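The values are calculated or read from the model by the stated rules, or taken from the named source; none is laboratory data. All values reported here derive from a predicted model rather than from experimental measurement. Using ideal geometry, Cβ is built from the backbone for each residue, glycine included, and neighbour counts are taken over all protein chains shown. Note: accessible area is taken over every heavy atom of the protein model, side chains too, but ligands, DNA and RNA are not part of it. Shrake-Rupley method; radii C 1.70, N 1.55, O 1.52, S 1.80 Å.
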Amino acid sequence: MSTVNAGGWRPEMGSAQDDAAPRVTNSGDRALMLEEALIFELREPGTTGVDFDDAVGEPLAGLGKFLRREQAALPGLSEPETVRHYTRLSRQNYAIDLGPFPLGSCTMKHNPRLNEKVARMAGFADLHPLAPQQATRGALEVINELAHWLITLTGMHGVAMTPKAGAHGELCGVLCIKAALAARGDTRNVMLVPESAHGTNPATAAFAGFTIENIPATAEGRVDLAALTARLGPDVAGVMITNPNTCGLFERDMKVISDAVHAAGGYVYCDGANFNAIVGKVRPGDLGIDAMHINLHKTFSTPHGGGGPGSGPVVLSEALAPFGPLPFTARQADGSVLLIEEEDAAAAHPYSFGRMAAFHGQMGMFTRALAYILSHGADGLARVAEDAVLNANYVLRSLDSDLDAPFGFSGPCMHEALFSDAGLADGFTTLDIAKGLIDEGFHPMTVYFPLVVHGAMLVEPTETESKAGLDRFIASLRSLATRAKAGDEDLKSAPHFAPRRRLDETQAARKPVLVWKGDAPA
Ligand SMILES: *Cc1c(COP(=O)(O)O)cnc(C)c1O
């Protein structure tokens, strides 16, 4: 009998970690653990992956002055070298297809392959955004169908599909509020934002010209209702509240808050980035919300870790829908779906605040999200929320005696488990735990957010992690908590096994080396 640890490793497999002094190879690579230099260090000046004919004759009249005088400082690599460089680098990346991505507030769930198949169908993927409407009927149907399901799932009145990310959606919603106030000649301009808000909320409101005021949180991690209602008045344009909030808790007073804000003449913006926890269970429209963005790239799969496209449609109440952006899709009496653009707007949508984007939104994200919604169905989407919440509570309760859980006392969490660095040995911090997770083969959780909790660690397992997978993650986190409480100095210099060791994060952020400063090729 061999013992098998949670990761599937057996003693007879051996381990590089057995070696007291790691052996050094001539290449620097260690089997499939590859070292890779910067592309500029690999360069062979004069090498190229493409053969161009030498320029023949005179440059086009008058354009000669635009010709390069010196050679560009391009790396110079053959095509296979270029492909290998980026493929070797990509092998040093962590990805959702390698393991869990427990980043709180990000909902990094498995992306079903069916979505990808649908998104790559040539009829969608190869469409040109300037193609005439008669040639894009199928795509318009997809946008309209997705819009229908977003409205249905949220119980709202309308939806703006064009915003390209959550923060862009926030701007859309807040501009709707601004337009609605302007339409009634109201100059109020204070936006109330709870102190636990995502940084994009105050940034968005400030960008749209509002003055921000913070609303404190209660000891149990929710918006302070008394403080909020006390601040309402004729200068308050609205509130921006995240629900479930960034402490991983449901704002139970949401309806009371909405009613109070409306009674005071303001509007309610809900940051819906955490919709995954309540999809199919709670309809924001029933909570009196006027505008809410939905991160398609969170709730409806297609995690956005690689900086890939996002999509942030904004659902709108009856009060705000008339002010939504152009263009939008609308089903006509004959059953067809048309795109309503500026030339139609005077009749169809006279109060629109304008346009958010050049075209109609992120088509690839629309097809993926619709495939996700239709393949889950109404019962499946409710299960998504239930399982996401179950998984987060499993993580919370499995670790709440190993790590401080600041709001553990206030009952079950929603889809994220929040821990803090309280109780670690002197000098040990959240960063040490996060770096230790890298050695354990996991992407770290979200750290130092929300700001209302000192040394926050926000873990969002999502519904797509199995119990066995969660147990592996929990065991690793528990071992790191034990080491950090025991003052294990080795943890302070983690990661030890990653391609790069602990970076100077301030230097990396403030003085990144992004430009090749070496000699230009001869
Ligand atoms: C992710 C997130 C946002 C911003 O969404 P982007 O798509 O990254 O712009 C806003 N609020 C919360 C709570 C989030 O988690």
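Please indicate, with yes or no, whether at least one residue in the stretch 230-237 is within 24 Å of the chain's Cα centre (by Cα) and in the same structural domain as Ala179 (by TED's automatic domain parsing).
Within the stretch 230-237, not a single residue is within 24 Å of the chain's Cα centre (by Cα) and in the same structural domain as Ala179 (by TED's automatic domain parsing).
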Look at the stretch 256-274 and say how many of its residues are closer than 17 Å to Glu170 by Cβ and either among the small types (Gly, Ala, Ser) or open to solvent by 10 Å² or more (accessible area, probe 1.4 Å) (or both).
4
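Counting residues that are within 24 Å of Gly310 (Cα to Cα) and among the hydrophobic types (A, V, I, L, M, F, W, C), which helices (runs of 4 or more DSSP H) fully inside the stretch 57-128 reach at least 2? Walk me through it before giving the result.
Values: elements: 79-90, 113-119, 122-125.
Counting at least 2 such residues, we get 113-119, 122-125.
Name the residue that is nearest to Ile151 (Cα to Cα), counting only residues in the stretch 275-296 that are assigned to a helix (DSSP H, G or I) and open to solvent by 10 Å² or more (accessible area, probe 1.4 Å). Explain how you work it out, then say what you get.
Narrowing the stretch 275-296 to residues assigned to a helix (DSSP H, G or I): 275-277, 284-287, 296.
Filter once more, so that each one left must be open to solvent by 10 Å² or more (accessible area, probe 1.4 Å): 285-287.
Working: Gly285: 9, Asp286: 12, Leu287: 14 Å.
Selected residue: Gly285.
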Does Ala179 satisfy being in contact (Cβ under 8 Å) with a residue 60 or more places away in the chain and open to solvent by 40 Å² or more (accessible area, probe 1.4 Å)?
no
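List the helices (runs of 4 or more DSSP H) that sit entirely inside the stretch 135-235 and contain at least 3 residues that are within 16 Å of the ligand (Cβ to nearest atom) and at positive phi. Full working, then the answer.
Values: elements: 137-154, 166-183, 200-207, 225-231.
It comes to none.
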